[in-house]
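Here the structure is laid out as structure tokens; the discussion comes afterwards.
The values are calculated or read from the model by the stated rules, or taken from the named source; none is laboratory data. These figures come from a predicted structure and were not determined experimentally. Here the Cβ is made from the backbone with ideal geometry for all residues, glycine too, and neighbour counts use every protein chain on show.
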Amino acid sequence: MAKSKWDVEHMERERIARFSELKTDPRFFLDSMLPGHERLNYNVIGTGVAENPDAKPAIDYAQDFNLTYMKAAPGKGPSLHSHDHVEVFIPMTGRWSVTWGDDGEYEVILDPFDVISVPIGEMRAIVNVSDSDAWHLTILGGTKPSRVDWHDDVIQRAQQAGFALDEDGNIQEI
């Protein structure tokens, strides 16, 4: 039997994310600059799909999935978008509305520990419908997920607010 190469110090340095040490930035996504979509995202494992190059994960190594926590106030959350990889939402606290379809015409309400796996390419949005701040966990499929594909309305509203994405998919002021 092989001996582990992972002593406690090595594991702490590279493979453990302490919640109390997680970092966030309110400029994580293009839509988080828009009223109603402000939130805090915490990259835990892998780079995910952040549109801010300063949003570094607590654990760099991602093999076939990325994990992010999100905290949002009541009535707030990500706007309509899609990905070319699977995205899984799991409410940890509160209740969350998940809408999907070309214009978000379908909806379900999820309670803590419910799970939805949104199909590749499907437009989706999530909103905290609780009376207080709530947390949810997002799991993205793939080692290096692609960027967000925002609904045209989000792109237009961001431009009106003075924001766009550069050629690398990072937020820039215009």
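Brief remarks follow.
- Which listed residue is surrounded by fewer than 16 Cβ atoms within 10 Å (Cβ to Cβ), at pLDDT 95 or above, over 16 Å from the mean Cα position of the chain (by Cα) and part of a loop (DSSP other than H, G, I, E, B), from 114, 168: 114
- If the condition is being under 22 Å from residue 35 (Cβ atoms) and among the hydroxyl-bearing types (Ser, Thr, Tyr), then region 69-81 contributes only 79.
- Restricting 125, 134, 158 to residues that are over 17 Å from the mean Cα position of the chain (by Cα), within 23 Å of residue 51 (Cα to Cα) and of a type in the set (Gly, Ala, Ser) narrows the list to 158.
- Leading residue by the ranking (surrounded by the fewest Cβ atoms within 10 Å (Cβ to Cβ)) among those in region 145-155 that are assigned to a loop (DSSP other than H, G, I, E, B) and under 14 Å from the mean Cα position of the chain (by Cα): 146
- Which numbered condition residue 174 misses (of (1) over 18 Å from residue 41 (Cα atoms); (2) touching a helix residue (DSSP H, G or I) at 6+ places or on another chain (Cβ under 8 Å); (3) touching a residue at least 40 places away in the same chain (Cβ under 8 Å)): (3)
- Given (1) closer than 16 Å to residue 145 by Cα; (2) under 15 Å from the mean Cα position of the chain (by Cα), index of the condition residue 61 fails: (2)
- Subset tally (residues that are farther than 20 Å from residue 28 by Cα, in a strand (DSSP E or B) and out of contact with any Phe, Trp or Tyr (no Cβ under 9 Å at 6 or more places or on another chain)) for region 73-107: 1
- Subset of region 1-22 (residues that are in a loop (DSSP other than H, G, I, E, B), out of contact with any strand residue (DSSP E or B) (no Cβ under 7 Å at 6 or more places or on another chain) and either surrounded by 10 or more Cβ atoms within 10 Å (Cβ to Cβ) or of a type outside the set (Ser, Thr, Tyr) (or both)): 1, 2, 3, 5, 6, 7, 16, 18
- Odd one out for residue 71, checked against (1) surrounded by 15 or more Cβ atoms within 10 Å (Cβ to Cβ); (2) more than 30 Å from residue 12 (Cβ to Cβ): (2)
- Subset of region 29-58 (residues that are over 13 Å from the mean Cα position of the chain (by Cα) and under 17 Å from residue 151 (Cβ atoms)): 33, 34, 35, 36
- Residue that is surrounded by the most Cβ atoms within 10 Å (Cβ to Cβ) [pool: residues in region 117-144 that are of a type in the set (Ser, Thr, Tyr) and without any contact (Cβ under 8 Å) to a residue 60 or more places away in the chain]: 130
- The set of residues in region 81-111 being aliphatic (A, V, I, L, M), over 25 Å from residue 157 (Cα atoms) and modelled with pLDDT of 95 or more consists of 88, 90, 92, 108, 109, 110.
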